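Enquirer: Following this message is one structure expressed as structure tokens.
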Amino acid sequence: MPSATKDSTILKIAVEMLNAPDKVPQLIEFDQSQPLSSIIQLLCKPWGLPDPDNYALQFSESNNQNYITEKNRNEIKNGSVLRLEQSPAKTVQDILAKINSGNENDQTAALSKLSTLSSDLTFALEFINKKGLSLIIHNIESGKFKGNSLKFALITFVELMDHGNISWDILENQFINKVASFVSNQTNTQDPKIIQSCLSILENIVLNSSGKNLHVEKEITIPSLISHLQNPYQDSIIQQNAIALINAIFSKADANKRKAIAATLSSKQVRNVIYENLIGACEFSKNVTKEALGTELAHQLYVLQTLTLGLLEPKMRQRAESQEQESQEKIKELRKIAFDNDNNSLEVTTRHQLNNSMKDYKKLGFKCEIDPIKDFNEVPPGILALECMLYFARNYSEDYRKIVLENSRAVEHECPFGKTSIELVKLLCDILHIGEPPSEQGQTYHPLFFTHDHPFEELFCICIALLNKTWKEMRATSEDFMKVLSVVREQINRALSASPKGFDKFRQRINQLTYAEITQIWQQERTNREVWESHARPIVELKEKITPEIIELIQQQRLGVLVGGTRFKKYSSRGQRIKDKFWFVRLSPNHKVLHYGDCDEKSTPSLEELGNKLAVSDIKCVVTGKDCPHMKDLRGRKVTPHLAFSLILKSAEETLDFVAPDEQIFDYWTDGINALLKEKMSSRSFENDLETLLSMDIKVRLLDAEGIDIPQDPPQIPEEPDDYDFYYDNN
């Protein structure tokens, strides 16, 4: 046993030196219990390298070329090929010397190398400690860097700041002005990488500094950012960074500034730029989905949509007051548009002579006929409902009159316009999550909202006509009000899920989803639940018998997902997402080790390509949501805590922190980890899968009993006979 323990700390690896053909690679036994400095000293001796302190080991994988330190040396595995390179301190010294040398070629080469090494935290901290970041900032703002030197300097700055060790408040206005000037300079000679970096820098200043966002707003105009969506390079990174900066300025602006930004963004010219360059590009290509835009760009479009719709929140939260003249005038205008164009002029005259406004308000479908403004006291939807009703009346006057007059003549099947409109606006606010901040993981945007000046109001106009159509198809009465709304919710959700490109497409799709169609869908769903919903005792006993088998099946599926692996977005220890940084985690086929490591947005690394390992036996438990260490101090960030989970280790106060891309991945991974730890699976997906699979299994088992009524209780067993002196004679 002692020898086995000793051998487990010794790895067989190779070490090479790049750009040194005379140095033959060494095959060594790497002792994990030995200090790195001693190992480096032993490596330098055969190669005749003086001053071992000037050298350090690096990983050599394509996705991991970080320096090896005492903290990450456990990532080395048997058969690894490492590199012996200059130490971070020596490399920083050489790079700084070349930057200050005045030789343009040396300077560019040094900055190119620096832009690559800066992603390594060990190197970055060394460079920052040697005042390297201050030098980069000074030379950028003073204009000393030009061309490629400027490009690499900006990339370096972004990488250094992404580590989160330096506050964005250190930047002065002169630096911001210089970076903003590169964004505003609309010349085709500008390097795309420069624009990418500058947009990213300005976004971070707006989001992460204390008050610097006001200076960025002063230096950068929204139209100048919109122009980058039409960039001649067709660079999707520039496009997504431009929208990200727009969103950052939008989210940090005060109420008046937000309205001004929204007015600019909702103009037809700007909407066309966004649609044609980002959304419409996919429409004209076959077999192209939203994923073609990239997850980050889809997220930024979702954020833009959420912020724009969020401007409706104040009206949604505002109650209408009886003494408020503006709202009173709007209600009177609703009445005037509906009835004062009636062909029966005598009726109009008589109505006015009798001052019979209460009768008109009843026909309009208000609950409070005496003072209809009280109908808008409920929040949500507040006065937003009144705004939508008036928009419909002004812009679709004929449809408005038709709905009001048809329902005012109906008695039993009246669909009150006022009441249904208020409930419909409330329903739309709920469906579109108006008033909720953008989610960090959200990617669902609706292209049709980028095709109209007043998208929410247009959506209301289509849906109020749909509601009346569905009401008639259901032959509903006032008692069926909530049932009609549930059907309409289903129609709207299903139509939006098809991602229609415009309101005409949405109208066409939603009109196909008739009440009969929705009824058929629901009937199928009810059929799928019939057995499960049955409370017959034989079925209950059968469920109890097969439930352990189903749980075992679900457990195997969850572990299969973990073996297949998942790509996660990277977050800092403070819960801040690191843009365009990903890592991949997968479980070994024997279910004993978790392998993880960095990756790009589209790759699926194999086990061998993932350099980090975590034994399942070292995991103490899994925690979720705000209990996770990286969710403790969110400070108003857009992170979604309910998608976060952390693996707590037994040996030390260390954790492996995750933020799942969606609820399904969150459920699968937390279930899988609990299964590995022999704990109970408890996610919502587990409950749904258990219900579905139980239902399907029972249905299959009961196929032979189709058409037979299963009693609630099994039949009674008859009493035993007095004697058993009987037999069956088959002659």
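Enquirer: What number comes out for accessible area per residue over the chain if the probe is 1.4 Å? Units Å², please. All intermediate terms of the calculation are to be shown ahead of the outcome.
Expert: Details: 38060 Å² over 731 residues.
Solvent-accessible surface per residue comes out at 52 Å².
Enquirer: Follow-up. If you find the alpha carbon centre of the range 105-148 and of the range 374-416, how far apart are they in angstrom?
Expert: 63
Enquirer: May I pose another question? Could you tell me the largest-minus-smallest coordinate of the C-alpha atoms of the chain on each of the three principal axes, in descending order and whole angstroms?
Expert: The Cα atoms of the chain stretch 108, 101, 45 Å along the principal axes, largest first.
Enquirer: Under the rule of -39500 (n - 2.57) per DSSP H run of 4 or more residues, summed and divided by the residues of the chain, what mean residue ellipticity at 222 nm is obtained, to the nearest 500 deg cm²/dmol? Could you put the intermediate results ahead of the total?
Expert: Details: 30 runs with 380 residues, N = 731.
Dividing the helical sum by the residues of the chain leaves -16500 deg cm²/dmol.
Enquirer: Moving to a separate point now. Restricting to DSSP loop positions (anything but H, G, I, E, B) with no more than 12 other Cβ atoms inside 10 Å of their own Cβ, which chymotrypsin sites (Phe, Trp or Tyr not before Pro) remain in the range 105-200? Present the calculation step by step, with values, prior to reporting the outcome.
Expert: Working: sites: Phe123, Phe127, Phe145, Phe152, Phe157, Trp168, Phe175, Phe182; in loops: Phe145.
Passing both the DSSP loop test and the Cβ count: no residue.
Enquirer: Of all trypsin sites (Lys or Arg not before Pro) in the range 366-474, which ones are in loop regions per DSSP and have a Cβ with at most 15 other Cβ atoms within 10 Å?
Expert: Numbers: sites: Lys367, Lys374, Arg394, Arg401, Lys402, Arg409, Lys419, Lys426, Lys469, Lys472; in loops: Lys367.
Sites meeting the loop and neighbour criteria: Lys367.
Enquirer: Roughly speaking, to the nearest percent, how much of the chain's 1.4 Å accessible area is carbon and sulfur? Walk me through the numbers on the way to the answer.
Expert: On the way: 18580 of 38060 Å².
That fraction is 49 percent.
Enquirer: Listed highest first by mean packing, meaning other Cβ atoms within 10 Å per residue, what order do 237-245, 216-224, 485-493, 33-41 come in?
Expert: Working: 237-245: 24.6, 216-224: 17.0, 485-493: 18.9, 33-41: 13.8.
With the highest mean Cβ count within 10 Å placed first, the list reads 237-245, 485-493, 216-224, 33-41.
Enquirer: By how many degrees, between 0 and 90 and to the nearest 10, does the Cα long axis of helix 345-354 differ from the longest principal axis of the chain?
Expert: Taking the Cα atoms of the chain, the angle to 345-354 is about 90 degrees.
Enquirer: Compute the angle between helix 104-117 and the longest alpha-carbon principal axis of the chain, please, reported from 0 to 90 degrees and rounded to the nearest 10.
Expert: It is inclined by approximately 60 degrees.
Enquirer: Something else about it: Angle between the Cα long axis of helix 295-310 and the longest principal axis of the chain, 0 to 90 degrees, nearest 10?
Expert: On a 0 to 90 degree scale, this one is about 40.
Enquirer: Which of the lysines could a cross-linker bridge to Lys257, judged by Cα under 22 Å and excluding same-chain residues fewer than eight apart?
Expert: List returned: Lys212, Lys218, Lys268, Lys315, Lys638.
Enquirer: Need one number: nm distance between label points at Glu333 and Lys650, each 7 Å from Cα along Cα→Cβ, rounded to one decimal.
Expert: 7.1
Enquirer: Quick one: which of Lys336/Lys419; Lys71/Lys602; Lys144/Lys579; Lys146/Lys178 span more than 24 angstrom between C-alpha atoms?
Expert: On the way: Lys336/Lys419 18 Å; Lys71/Lys602 29 Å; Lys144/Lys579 28 Å; Lys146/Lys178 12 Å.
Pairs exceeding the cut-off: Lys71/Lys602; Lys144/Lys579.
The values are calculated or read from the model by the stated rules, or taken from the named source; none is laboratory data. Since this is a predicted model, take the numbers as computed values, not measurements. Note: ideal-geometry Cβ built from the backbone for every residue, glycine included; neighbour counts use all protein chains shown. The protein model used for the area step is the full one, side chains on, heavy atoms only, and it has no ligands, DNA or RNA in it. Shrake-Rupley method; radii C 1.70, N 1.55, O 1.52, S 1.80 Å.
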